Structures are given as structure tokens and as C-alpha cells.
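The values are calculated or read from the model by the stated rules, or taken from the named source; none is laboratory data. What you are looking at is a predicted structure, and each value in this text was computed from that prediction instead of being measured. When we count neighbours, we look across all protein chains shown, and the Cβ atoms used for this are built from the backbone with ideal geometry, even at glycine. Accessible surface is based on the protein model in full, side chains and every heavy atom, while ligands, DNA and RNA are left aside. Shrake-Rupley method; radii C 1.70, N 1.55, O 1.52, S 1.80 Å.
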Amino acid sequence: MAELGSKGVTAGKIASNVQKKLTRAQEKVLQKLGKADETKDEQFEQCVQNFNKQLSEGTRLQKDLRTYLASVKAMHEASKKLTECLQEVYEPDWPGRDDTNKIAENNDLLWTDFHQKLVDQALLTMDTYLGQFPDIKSRIAKRGRKLVDYDSARHHFEALQTAKKKDETKIAKAEEELVKAQKVFEEMNVDLQEELPSLWNSRVGFYVNTFQSIAGLEENFHKEMSKLNQNLHDVLLGLDKQYSGNAFPVKAQPSDSTPAKANKSPSPPPDGSPITSPETKTVNHELEPSTLETPGASIPKSPSQNSLPAVVVETFPATVNGTVEGGTSSERADMPPGFLFKVQAMHDYTATDSDELQLKAGDVVLVIPFENPEEQDEGWLMGVKESDWIQHKELDQCRGVFPENFTERVQ
């Protein structure tokens, strides 16, 4: 019996929710057609616009901050590889080997500390700041639905009062429903009227604190890194002085007094004009007799506009033939289940309910099918922003509906 009673309550609640949705839909249609007046609050609408702008700016800042942190991590790895290479080539009997090892260790610790402090003092603060928006956004959407309920109850009550045949019982019940709907709406409205301006004003202090933290951490990091680089410079300078009088194999660059070999680059043409048409003379690495060294011709020590380095001649055929090595085709990123096609937002769209997507002009959306095709309204699509999908967000959390006429198909 208890189970049957529970099922009855559940069924009744479902029926009530369905009726509410139907009533709201009818009220919205009447308002759009101008057959029913709509309660307006311009001050609140301005607060909502500010809220959406603040959320958009915060989301962008969070995304760019994550990109910055990823770059710091990549630089850390690159710097670590470079110092490891130095440690490998630094021979045991060279002076300063222990110093280079210590510098490498401190370099690694400095990068790690910099990255961690950025996470603690910037990213986590950013996440906390944005964490308050979903709840408020949900309440704004709920407030909108309760406003429609209030308007609907008000119109119903007014219609019963102006009817030719009045039913006092129905009028009394309608008045009771109107008072109830007005109370629910006003409670939510008052809370949001206080919170939204306060949230909007908090953005200034948040931006100041965030960028001050980043700037301070960067300043300290570069100061400490500068000291390490100076220490490394001094160690290498000592190594250079000790081996300056010997044939040090690292110094393989010839000096200006070393005569250049004639067979490394072609002599300039007899008339002294620059080489401008190498197509027929350099494609097969062959030079005509006129380009060979002539008696008395001086060979320049460095390339000039009248001489062509051998490396250019040797690599020219690859350029002539248009061959490019090392190119790889980018693999297509995984798409959400049931992916249909891509669209791009041509205009900004401000979401008016919790199941809608907030769009900015230029946003790319991956269109997916509705779980229940019967729920799809004409002119509306279901999708997930490509930027959200790339960040591996949960599909249930980031998908939503949006008006098709605000977008243009790109795939």
C-alpha cells in the first residue's frame, strides 16, 4: 500500500510539472503575440547582462590562465632537458662540474616552485571565483520561470474578475494562487537584486588580486633565475679561461685569418653581376666552366650578394621540386557521441534558461542529436561548444540547446 501511495505521489508530481510547463509555454506565446502583458524590470535585466558579461570574461581568463600554466610547464621541461644535456657533455675532469650539477638542481626546483605557486595563488582562486556562477545562473533561470507563473496567475485572476458570469469560488482560488506565485517570485527576486550588483562589483578586486599575484610571482622567479644564469655564466667563463690556450674541440668556428677554401662556394660571374638565375646551373649540382675559379679571382671570406654559399646550392633542388619533409597531417579530434556537424555562431546569444548554451560570435558548436527527438523544438539544435569538449568536460554538464538561426553551418 505504501508503495502504491508513493507511486501515486510521484505520478501526481509529474503531472503537476507537465501542467506548469504547458501553462508557461502558453503564457510565453501570448506575451510574444502581444495578447498578454509581461512584467518587466529593466534594472534587473541590466544586472543579468552584467552577470553574463562577467561570467564570459571570467571563463576566458580561466582558459587563458590554464594555457599560460601549460606553457610554464612546457618551458620547465625544455629547460630541464637543456641542463641535462649540459651535465652529460660536461666532462668529469673539467672545473666547475659540481657547480653545474647544483645549478641544474636549483633550476629544476625554481621552475617547480613557480608553477605550483601559480596554481595555488591564481588558478585555484580563479576556480573558486567561477564556482559561484552556476548556482546564481540557475537561480536567474528559475526566477524567470517564476515570473512567467506570476504573470499567468495574474492574467487568470483578471480574466475571472472581468468575466460576464462570475464564479466567486474560482475567483477566490485564483486569487490564492496569485498571492502564492507572487510571494515565491518576490522572494527570489529580492535575493538576486542584492547579490547580482555585489557580484558585479567584486570583479575589480578579483582581477587586481589575480594579476598582482601573477606579476609578483613572475618578478621573483626571473630574479632568482637571473642569479642562476649568472652563476652558470661564471662557471663556463672559468672553463673557457682554463682551456683558452689549448685546442679546445668545442671551438670549431674558423677565425677571420683562416683562408677560405675555393671549392666551398662558386666564384662570382666574370662581369661581377649577382647570381639571380640558378635554375639551370644548380639543380643538378653542376657548374658550367664559366663559373669555375679563374686565376687571380679573390674568394670572399663571407657570403655577399655576389656569392652563393654552397649550402644554398646543395639544398636548392629540394626547393625547386617543392618537396617539404617533416609535415604531418593533423588527426581529427574525437567528437561527442552522435556528432552530426559543426556550426559557428554569427551573433551573440544570451541563454534564458539553464538548458541553453551561452554563445559569443565566433564560437564553434558541435551539433549532437536530442536524446528524445520529441523534445526538439523547431528552429533549435542540441550541441556542445567545441572549446568545452576539447577541455574534456562532461557532456551532460556542457551540452545545451541554442537557436539555429544564430549560427551558420561550417561542416
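Where in region 93-187 are there helices (runs of 4 or more DSSP H), lying wholly inside it, with at least 3 residues that are within 30 Å of residue 82 (Cβ to Cβ) and touching a residue at least 60 places away in the same chain (Cβ under 8 Å)? I'd like the intermediate steps shown before the answer.
Values: elements: 97-118, 124-130, 133-162.
Because the criterion is at least 3 residues that are within 30 Å of residue 82 (Cβ to Cβ) and touching a residue at least 60 places away in the same chain (Cβ under 8 Å), the helices (runs of 4 or more DSSP H) in region 93-187 that meet it are 97-118.
If you take the residues of region 337-355 that are hydrophobic (A, V, I, L, M, F, W, C), more than 18 Å from residue 57 (Cβ to Cβ) and touching a helix residue (DSSP H, G or I) at 6+ places or on another chain (Cβ under 9 Å), which of them is most open to solvent (accessible area, probe 1.4 Å)?
Restricting attention to region 337-355, the residues satisfying the condition of being hydrophobic (A, V, I, L, M, F, W, C) are 339-341, 343, 345-346, 351.
Those still in the list that are more than 18 Å from residue 57 (Cβ to Cβ) too: 339-341, 343, 346.
Narrowing further to those that are touching a helix residue (DSSP H, G or I) at 6+ places or on another chain (Cβ under 9 Å): 343, 346.
Values: 343: 4, 346: 89 Å².
For region 337-355, the residue satisfying everything is 346.
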Check: Take the residues of region 204-239 that are of a type in the set (Phe, Trp, Tyr) and open to solvent by 50 Å² or more (accessible area, probe 1.4 Å): which is farthest from residue 110 (Cα to Cα)?
Finding: 207
Next item on the list: Consider residue 94 carefully, then state whether it is open to solvent by 30 Å² or more (accessible area, probe 1.4 Å) and touching a helix residue (DSSP H, G or I) at 6+ places or on another chain (Cβ under 9 Å).
Entry: yes
Next item on the list: Under 6 Å between Cβ atoms, at least 6 apart or on separate chains: pull out the pairs that start in region 326-347 with a residue that is of a type in the set (Lys, Arg) and at pLDDT 85 or above and end on any residue that is surrounded by 10 or more Cβ atoms within 10 Å (Cβ to Cβ) and not in a strand (DSSP E or B).
Entry: 342/410; 342/411
Margin query: Can you pull out every residue in region 146-203 that is open to solvent by 70 Å² or more (accessible area, probe 1.4 Å), among the polar types (S, T, N, Q) and in contact with a helix residue (DSSP H, G or I) (Cβ under 7 Å, 6 or more places away or on another chain)?
Written below: 161
Next item on the list: Report yes if residue 84 is loosely packed, with under 15 Cβ neighbours inside 10 Å, modelled with pLDDT under 95, touching a helix residue (DSSP H, G or I) at 6+ places or on another chain (Cβ under 8 Å) and assigned to a helix (DSSP H, G or I), otherwise no.
Entry: yes
Next item on the list: Report, ordered by the first and then the second residue, all pairs with beta carbons closer than 9 Å, sequence separation of six or more or different chains, a first member in region 53-71 that is of a type outside the set (A, V, I, L, M), and a second member that is open to solvent by 70 Å² or more (accessible area, probe 1.4 Å) and modelled with pLDDT of 95 or more.
Entry: none
Next item on the list: Tell me which residues, restricted to region 97-120, are surrounded by 11 or more Cβ atoms within 10 Å (Cβ to Cβ), under 27 Å from residue 240 (Cα atoms), out of contact with any Phe, Trp or Tyr (no Cβ under 8 Å at 6 or more places or on another chain) and of a type outside the set (Lys, Arg).
Entry: 99, 101, 103, 104, 105, 106, 107, 108
Next item on the list: List every residue pair whose Cβ atoms lie under 7 Å apart, where the two residues are 6 or more positions apart in sequence or sit on different chains, the first residue falls within region 382-395 and is β-branched (Val, Ile, Thr), and the second residue, located anywhere, is part of a helix (DSSP H, G or I) and surrounded by fewer than 21 Cβ atoms within 10 Å (Cβ to Cβ).
Entry: 384/395; 384/398
Note to self: I'd like to verify a number: residues in region 356-411 that are closer than 22 Å to residue 63 by Cα, among the acidic types (Asp, Glu), open to solvent by 60 Å² or more (accessible area, probe 1.4 Å) and not in a loop (DSSP other than H, G, I, E, B), how many?
What the structure shows: 1
